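Please read the structure below before turning to the comments.
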Amino acid sequence: MATLTGLVTTGEPGLVKAGDSAGVPRAGATPGPGRPRRVSELRGMWLSTVVNRDWPSRTGLSAAQQRAELLAHLDRAVDRRLNAVFFQVRPTADAFWPSPYEPWSEYLTGVQGGDPGWDPLGTAVREAHARGLELHAWFNPYRIANHSDPGRLVATHPARKHPDWVVPHGGRLYYNPGLPEVRAFVQDAMLDAVREYAIDAVHWDDYFYPYPAEGQVFDDDAAYRTHGAGFADRAAWRRDNIDQLVRETATRIPLIRPGTRFGISPFGVWRNGATDPRGSDTRAAVRTYDDLYADTRKWVRERWIDYIVPQVYWNLGFPAADYAKLVPWWAAVTQGTGVELYIGEALYKAGDPAQPAAWQHPAELSRHLTFARDHTQVRGHVFFSAKEVDVDRVGAMARVVTDHYQRPARPAR
């Protein structure tokens, strides 16, 4: 997930659809005398697997240990009265299920391609649904590796078989979004999980074209020469590449498994208002439109996605990107589109001594939810991430639960 200026250093298919949570009235039910009003909002947490951030706690655990840790995270979500888990199942062109397209993730066994002896995604779907939780399968479309050496990839890796698909940048390896064959492959690899499991949603985060790396240029010259005719400039061509990925994926999901949703969690600033009058009143150093070539506002306005979770990872009053300015901006963008708006919350900043003073107060996140409540387009919040939901360094999550999550809730639809 991203900060204002860059990155945070960071077998069995489930066939049961999520049911009604115990004690929660059905959607649309009319409260009677003494009956609590229906609560409908999404309350989620990201469960990150890249570099073993949240789960597994380390590589090489036994299948039983990995499973126990995973179930503990799901139980903690229920304990915090959350209703959705965003489970990272393809962090680096790999898989947390037996994929015919890509190798098992190294974050399971410590060896890319190493069979862990069980099916984490299938188990997560089944166990989440048994607890009344939605399971959103979180994929990263283009990131191949957090290093720049293709030789470290397992010999059967698609990036080894197709070295022309690969672009090194910023010390990492990426698939080239400008190649139509790459776009088709990454869709097939991700949508295999939709075909095999009753996931509730396909979820992407903020990585499209990579974040800028000082002194480096993303080398897609050859692809641009071949495929860039008819565009005003390279930036327009790059944005169209990502637009096609979003639009095609949105079309394919319901053909494979009707009812499965599609959501994206972009960096919180589309464009600054000083650059574009349609942009937000911010002074962000990174903008999705200009730097990641991701026209997130367009995806909402065109209704290509079912929900959006902008990572509004800054405190109320933060000068360059004020939570109190970004939430109304996103509310206006989604208004009238039918696209659900959930706000991504930086729980990981709470109590971090490196963060501004506002984040040292346990009530900062609770204040976010109080502020967002005045904007009817905001239908929920998602917290980054599971480790902080568990540890809760200064009690910020406990404060959110006390102030806002006294009753269970159905996910907003």
Rh (Kirkwood; distinct C-alpha pairs) - the stretch 294-413, Å: 14.9 Å
Residue-level accessible surface for LYS387, protein heavy atoms, 1.4 Å, Å²: 80 Å²
Would you mind pulling out the separation of the Cα centroids of the stretch 363-382 and the stretch 288-326, in Å? 15 Å
Under a point-charge model restricted to the Cβ atoms of Lys and Arg (+1) and Asp and Glu (-1), what is the dipole moment magnitude of the stretch 198-275 relative to its Cα centre, in debye to the nearest 20? 340 debye
When you take every Cα atom in the stretch 158-221, what is the radius of gyration, and what is Dmax, the widest Cα pair distance, in Å? 13.9, 44
Using unit Cβ charges (K, R positive; D, E negative) and no other charged atoms, how large, in debye to the nearest 20, is the dipole of the chain about its Cα centre? 1260 debye
More than 18 Å apart: what percent of Cα pairs in the stretch 159-303 qualify? 61 percent
What spacing in nm lies between the two simple spin-label points modelled at ASP115 and LEU255, each 7 Å away from Cα in the Cβ direction? 3.2 nm
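Within the accessible area of the chain, what % is carbon and sulfur when the probe is 1.4 Å and the other protein chains stay in place? Intermediate results must be reported in sequence, preceding the final value.
Values: 7610 of 15810 Å².
On the chain, the fraction of accessible area on carbon and sulfur atoms equals 48 percent.
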Report the accessible area of THR59, computed with a 1.4 Å probe over the heavy atoms of all protein chains in place, in Å² rounded to the nearest 10. 50 Å²
Mind checking the per residue accessible area of the chain for me, 1.4 Å probe, whole number of Å²? 38 Å²
Checked against the positive end of the charge dipole of the chain (+1 on Cβ of Lys and Arg, -1 on Cβ of Asp and Glu, about the Cα centre), the farthest of THR402, LEU316, PRO177 is THR402
List ARG239, ARG283, ordered by accessible area with a 1.4 Å probe, largest first: ARG283, ARG239
Within-14-Å neighbourhood charge of GLY60 [Cβ basis; K, R +1; D, E -1]: -2
Beta bridge orientation in the chain: antiparallel %, DSSP, nearest 5: 15 percent
Short version: what are the Cα gyration tensor semi-axes of the stretch 289-348, square root of 5 times each eigenvalue, largest first, in whole Å? 20, 13, 11
To the nearest 10 square angstrom, what accessible area does HIS368 show with a 1.4 Å probe? 0 Å²
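Treating only the Cβ atoms of Lys and Arg (+1) and Asp and Glu (-1) as charged, compute the dipole magnitude of the stretch 142-234 about its Cα centre; round to the nearest 20 debye.
Working: 9 positive and 14 negative charges, 52 e Å.
It comes to approximately 240 debye.
The values are calculated or read from the model by the stated rules, or taken from the named source; none is laboratory data. Since this is a predicted model, take the numbers as computed values, not measurements. Neighbour counts run over all protein chains shown; Cβ positions are idealised from the backbone, glycine included. Side chains are part of the model used for accessible areas, which takes the heavy atoms of the whole protein and leaves out ligands, DNA and RNA. Shrake-Rupley method; radii C 1.70, N 1.55, O 1.52, S 1.80 Å.
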